[in-house]
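Asks: Following this message is one structure expressed as structure tokens.
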Amino acid sequence: MDTYLIPLFFAVFIWWFSTGLVFMTDGRAPKARGWILTATTVILAISRVGVWLTRDIETVRGAYLAFGCGLGIWAWNEVVFLLGYVTGPVQHALPKGTGAGKKFVLAAGTLLYHELAILVSGLVIILLSENGTNRVAWWTFGVLWVMRLSAKLNVFFGVANLASDLLPPHLAYLKSYFGTRRINGFFALSVTAGTVLAALIYHGAHGSEFQITAAMLVGTMMALALLEHWLLVLPIQDAALWKWATTPKTKTRPVDPAPDTVERSASAVGTP
């Protein structure tokens, strides 16, 4: 039984603690951001080397190490986004009166560079573990990628609990792209598909200790991602889970106004 429970509880703890550390980065003073970037980049480099070194290690230890490497690479992408280093070409609030189609294009523009960085990270993991038998790092990264993209789409289409207070001040303009509704049609599809995938992953928790550990680690991350989805629609303040990491926050640069707002203001005061 420990073979199943230990990786389950380990994944839950790592999810809670590592998410808190990532959120903690956006509350640091501007002068600390360079140090945070350096530290996470070192973790990224170590994690990539770890993916390559563990690609053929089919042991319990190998499963945990590859799992940690996948999380380390994912964490770098999240941190550079929250710090504002890798976001997208659109860095302003949504102009008022924007149609649905243009809103989607602009919303995608706020995350474009971030999504491309994630894509590159995923391809690097695949290349590093190519022809290897330990794919835990890729499975971990892949689950986080798919479910985070699903969460972003749900927030865009509209959910009841946006948890927008978790965004750092310099990314506050993203709130204008969030949809506001009790639930959206995409939510049912994404949660159903995620539940089926989680069940399939857990179903693979049999055979060798490596296979059981790997399936429990990745399956639990999938289950936790589903939990995060449900927290988007339930009247529960999930920010309380990471209160220790999200307060206090340091003020950063103000949100850039939408271009049309600047133009209207200039015209009002007679600016040429």
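The values are calculated or read from the model by the stated rules, or taken from the named source; none is laboratory data. Values in this document were obtained by computation on a predicted structure and should not be read as measured data. Neighbour counts are summed over all protein chains in view; Cβ atoms, including those assigned to glycine, are modelled from backbone coordinates with ideal geometry.
Asks: Scanning region 96-149 for residues that are part of a helix (DSSP H, G or I) and hydroxyl-bearing (S, T, Y), which turns out surrounded by the most Cβ atoms within 10 Å (Cβ to Cβ)?
Replies: Only one residue tops the list, namely T140.
Asks: Quick check: is even one residue across region 178-200 touching a residue at least 60 places away in the same chain (Cβ under 8 Å) and under 30 Å from Y85 (Cα atoms)?
Replies: no
Asks: Could you pull out the residue among G62, G109, G99, G84 that is of a type in the set (G, A, S) and under 28 Å from P7 (Cβ atoms)?
Replies: G62
Asks: Shifting gears a bit: One residue is enough: does region 71-78 have a residue meeting the conditions in a helix (DSSP H, G or I) and farther than 25 Å from L44 by Cβ? Break it down into steps so the answer makes sense when it comes.
Replies: To start, the set of residues in region 71-78 that are in a helix (DSSP H, G or I) comprises 71-78.
Those left that are additionally farther than 25 Å from L44 by Cβ: none.
Among the residues of region 71-78, not one is in a helix (DSSP H, G or I) and farther than 25 Å from L44 by Cβ, which makes the answer no.
Asks: Tell me which residues, restricted to region 79-92, are of a type outside the set (F, W, Y) and part of a loop (DSSP other than H, G, I, E, B).
Replies: L83, G84, V86, T87, G88, P89, V90, Q91, H92
Asks: Could you please find all residues in region 136-189 being touching a Lys or Arg at 6+ places or on another chain (Cβ under 8 Å) and of a type in the set (S, T, N, Q)?
Replies: Residue satisfying the conditions is S164 alone.
Asks: Tell me, which residue of region 72-95 that is of a type in the set (F, W, Y) and either surrounded by 20 or more Cβ atoms within 10 Å (Cβ to Cβ) or in contact with a strand residue (DSSP E or B) (Cβ under 8 Å, 6 or more places away or on another chain) (or both) is farthest from F156 (Cα to Cα)?
Replies: Result: W76.
Asks: Would you point out which residue out of L94, L127, L82, L65 is farther than 18 Å from H170 by Cα and touching a residue at least 12 places away in the same chain (Cβ under 8 Å)? I'd like the intermediate steps shown before the answer.
Replies: Values: L94 fails: farther than 18 Å from H170 by Cα; L127 fails: touching a residue at least 12 places away in the same chain (Cβ under 8 Å); L82 fails: farther than 18 Å from H170 by Cα.
Only one candidate qualifies: L65.
Asks: When you scan region 14-46, how many residues do you find that are surrounded by fewer than 16 Cβ atoms within 10 Å (Cβ to Cβ) and at pLDDT 95 or above?
Replies: Qualifying residue count for the region: 4.
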